[in-house]
């Protein structure tokens with residue numbers, strides 16, 4: 001989820017991307033299939049849907065969104081950055097894992113196939129991060145490698161039969177540490193003090209240990225995990241370059257607003273966990289805290305960085321458009337509505353918020369694709385005019 005051009009990182013050969021773009025696109029497309037299926041599954045958890053296997057799909061909402069979509073996109077970005085063809089086996093495995101969950105049902109694929117493919121994909125991501133570490137050992141690459149290990153650990157627990165309450169903290173740590181590592185990498189533009197870097201290491205240790213203990217022993221670990229979320233959000237607000245770029249304009253400002261608002265959701269998730277005595281202590285708090293992390297924090301990062309990530313992976317340019325603020329605002333407002341519904345035990349509000357959550361993500365996809373298409377058409381027209389003048 002690198003907001004910079006990953007193929008040009010210092011010390012990481014990636015200019016060729018390792019795999020031709022036409023072969024990357026099917027992997028990305030399967031990731032987005034998992035995204036849309038995950039959205040549908042989330043809606044099925046809120047209201048009954050008249051579709052085949054709706055209940056089975058609803059049961060895998062989290063795995064589709066986290067492993068099928070986000071795991072595939074992160075694995076693909078990492079493979080492009082590393083520029084090694086074997087690394088693309090990771091996003092291929094997770095993309096197929098998502099497809100296997102979607103195909104589940106009475107005549108579907110055996111239920112262990114999806115978790116096994118996700119575990120395989122996460123192992124390959126661990127190997128890819130290990131290869132990056134051999135090229136450039138630094139705080140940011142270490143943190144991202146720890147995130148991949150957390151994902152593999154969560155997938156292994158799920159494969160061994162553990163419930164989602166045990167698995168989710170490790171999945172969350174995967175995404176949070178991956179994003180935190182990327183932000184630390186960019187902090188070279190506004191480098192933290194030596195104390196700041198030591199504090200970052202301590203915060204990451206608390207967060208990672210909390211996720212591990214939450215997976216193995218429940219509520220005590222969840223409390224440590226919640227404290228780690230608040231501490232990391234505070235560190236990011238203090239040291240992230242977004243504090244400076246929010247005063248600029250256009251895409252840098254949009255990215256900064258996405259980042260800072262995402263950090264607020266991360267801190268709120270930690271507060272909810274601590275106030276309730278753990279993630280799993282209350283069903284409504286569980287829903288609110290997890291969606292504050294996965295929607296408020298993670299999707300804010302995706303909204304902000306998509307105009308830079310997609311060109312690096314696909315070569316399709318996604319120029320910034322002012323209307324990008326629409327899906328960002330819709331995400332935050334709908335998530336706030338959902339949390340009010342959670343905290344007041346109002347299922348109607350929670351449901352309305354969930355439906356608009358889905359609309360915000362779909363609007364983001366439409367806005368991003370339309371921007372890319374418009375840019376490509378503009379370049380084609382410009383090339384045709386230039387060719388006509390030469391003729």
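Nothing in this text is a laboratory measurement; each read-out follows from the coordinates by a stated rule. Only a predicted model underlies this, so the values are computations on that prediction, with no experimental measurement involved. Counting neighbours? That spans all protein chains shown, and the Cβs are built from the backbone with ideal geometry, glycine included.
Return the whole-Å distance between the Cα centroid of region 26-45 and the Cα centroid of region 218-274.
If we compute the Cα centre of each part, the gap is 26 Å.
Ordered by packing density, taken as the mean number of other Cβ atoms within 10 Å over each peptide's residues, highest first, how do 284-290, 264-270 rank?
Most protected by this proxy first, the peptides run 264-270, 284-290.
Once you order the gyration tensor axes a ≥ b ≥ c over the Cα atoms, which shape class does region 242-291 get: rounded for a/c under 1.5, otherwise prolate or oblate by comparing a/b with b/c?
Cα axes put region 242-291 in the prolate bin.
For region 159-237, what is the per residue volume of the convex hull drawn over the alpha-carbon atoms, in cubic angstrom?
With only Cα atoms used, region 159-237 gives 80 Å³ per residue.
Got a sec? How would 67, 126 order by Cβ neighbour count within 10 Å, fewest to most? Write down the numbers at each step before the final one.
Details: 67 33, 126 20.
With the sparsest Cβ surroundings first, the list reads 126, 67.
If each residue of separation counts as 0.36 nm, what is the full-extension length gain between residue 340 and residue 247 once their alpha-carbon separation is subtracted?
30.4 nm
Using the beta-carbon distance between residue 373 and residue 237 and R0 = 45 Å, what value does 1/(1 + (r/R0)^6) give for FRET efficiency, to the nearest 0.05?
0.80
Using the alpha carbon gyration tensor of region 20-136, what are the three equivalent-ellipsoid semi-axes (square root of 5 times each eigenvalue), largest first, in whole Å?
28, 13, 12
What Kirkwood hydrodynamic radius do you get for region 321-391 when you take the inverse of the mean 1/r over all pairs of distinct Cα atoms, in Å? Walk me through the intermediate numbers first.
Values: mean 1/r = 0.0695 Å⁻¹.
After inverting the pairwise mean of 1/r, the radius is 14.4 Å.
Shape of the chain from its Cα gyration tensor (a ≥ b ≥ c, root eigenvalues): rounded if a/c is under 1.5, otherwise prolate when a/b > b/c, or oblate? Walk me through the numbers before you get to the answer.
Values: a/c = 1.32, a/b = 1.20, b/c = 1.10.
Note, shape of the chain comes out rounded.
Expressed as cubic angstrom per residue, what is the convex hull volume of the alpha carbon set of region 68-175?
85
Is the shape of region 292-338 rounded, prolate or oblate, going by the alpha carbon gyration tensor and its root eigenvalues a ≥ b ≥ c, with a/c under 1.5 for rounded and a/b larger than b/c for prolate?
Because a/c hits 1.5 or more and a/b fails to exceed b/c, region 292-338 counts as oblate.
Got the relative contact order for the chain handy, in percent, Cα pairs under 8 Å and 6 or more residues apart? Write out the running numbers ahead of the final one.
Working: 642 pairs, mean separation 51.4, N = 391.
Over the chain, the number comes to 13 percent.
At what distance in angstrom do the alpha carbon centres of region 63-98 and region 315-329 lie from each other?
24
Once you have all Cα-Cα distances for region 245-391, histogram them in 10 Å bins from zero and send the whole-percent values.
12, 34, 27, 16, 7, 3, 1, 0
Sum -39500 (n - 2.57) across every DSSP H segment of at least 4 residues in the chain, then divide by the residue count to get the 222 nm mean residue ellipticity, nearest 500.
-25000 deg cm²/dmol
Starting from the alpha-carbon convex hull of region 261-315, give the projected area averaged over all orientations, in nm².
Taking the Cα atoms of region 261-315, their convex hull projects to 4.1 nm² on average.
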